[in-house]
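Nothing in this text is a laboratory measurement; each read-out follows from the coordinates by a stated rule. Not measured: the values here are computed from a predicted model. A quick note on method: Cβ atoms are made from the backbone with ideal geometry, for glycine too, and the neighbour counts reach across all protein chains shown.
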Amino acid sequence: MNDHLSTAGLTTERLRRYTKAEQDEILGAGADPFGVADSGLTWLPKEDHFGIRLKGRLVAHAGLLRLPLSIGGAGTEAVGVGGVAVAPDLRGQGLARLVVTAALDHARTMGPQYGLLFCRPPLVPLYQRLGWRALKQDVHVEQPEGPVVMPLRTMWMPLRDGADWPTGEVRLLSFPM
Ligand SMILES: CC(C)(COP(=O)(O)OP(=O)(O)OC[C@H]1O[C@@H](n2cnc3c(N)ncnc32)[C@H](O)[C@@H]1OP(=O)(O)O)[C@@H](O)C(=O)NCCC(=O)NCCS
């Protein structure tokens with residue numbers, strides 16, 4: 001268990017905008033703050049944005065985007081979660097948990113049964129701790145040159161009671177988020 005921040009002074013909100021400036025406010029202007037540049041992937045921007053402010057300063061973000069996919073040949077949709085970021089000086093205090101929880105509360109109202117995210121292997125235990133489950137199979141995602149196997153780990157989360165991940169080949173029918 002972390003030493004979680006007291007909620008005094010913290011506000012969770014839906015953000016009206018999330019541009020490079022807001023991302024830089026959280027993560028700084030480093031070249032590859034998510035550590036995924038090596039993958040060479042083309043990503044989609046998120047549509048809905050949730051943030052946490054500490055005394056007015058934006059310190060955490062999670063984004064959502066509805067995505068089409070097929071599982072075992074059957075079309076469905078997922079809510080993709082991405083751009084999860086916490087200010088470097090405030091990590092390890094529960095802010096990712098707080099902001100992802102706020103985003104998922106909204107994701108549950110959007111309709112799809114599954115939440116979906118892609119992450120680097122070292123982050124799998126963190127997301128498992130937040131209730132996400134690792135998919136052990138390859139997942140294809142669209143890229144400008146056509147479908148490729150996602151080199152990062154894929155995790156999912158039920159957004160409705162009883163939602164279970166079907167068996168079969170998984171294809172994201174869009175760029176990843
Ligand atoms: C990844 C990142 C968002 C985590 O933020 P954070 O605020 O430090 O995370 P939290 O403190 O909320 O931790 C979430 C939970 O995971 C747990 N956890 C953290 N590291 C863990 C690990 N290695 N193994 C198991 N659990 C772990 C925490 O204890 C916490 O659980 P708890 O609330 O039950 O104590 C942050 O490090 C970051 O912004 N990194 C750079 C950007 C990035 O890589 N984003 C990920 C995109 S997928």
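Counting every other Cβ atom within 10 Å of each residue's Cβ, Val79, Val148 order from fewest to most as Val148, Val79. Quote the relative contact order of the range 26-67 in percent (integer), defining contacts as alpha-carbon pairs under 8 Å separated by 6+ residues. Relative contact order comes out at 35 percent.
Quick check: net charge around His61, other residues with Cβ under 10 Å of its Cβ, Lys/Arg +1 and Asp/Glu -1?
-1
Note on Thr7 and Thr167: the extension gain reaches 53.5 nm, defined as 0.36 nm multiplied by sequence separation minus the Cα-Cα distance. In whole percents, the pair-distance distribution calculated for the chain from its alpha-carbon pairs, binned every 5 Å from zero, is 1, 8, 17, 21, 21, 16, 9, 4, 1, 0. Placing dummy labels 7 Å off each Cα toward the beta-carbon, the span from Leu27 to Ser70 is 3.2 nm.
Place a +1 charge on the Cβ of each Lys and Arg in the chain and a -1 charge on the Cβ of each Asp and Glu, then give the dipole magnitude about the Cα centre in debye, rounded to the nearest 20.
Around 420 debye, computed over the chain.
Principal-axis analysis of the Cα atoms of the chain puts helix 95-107 at an angle of about 50° to the longest axis.
What's the exposure ranking of Lys136, Lys46, going from fewest to most Cβ atoms within 10 Å?
Ranked by crowding around the Cβ, least crowded first: Lys136, Lys46.
Rounded to the nearest 20, the Cβ-based charge dipole of the range 1-47 about its Cα centre (Lys and Arg +1, Asp and Glu -1) stands at 260 debye.
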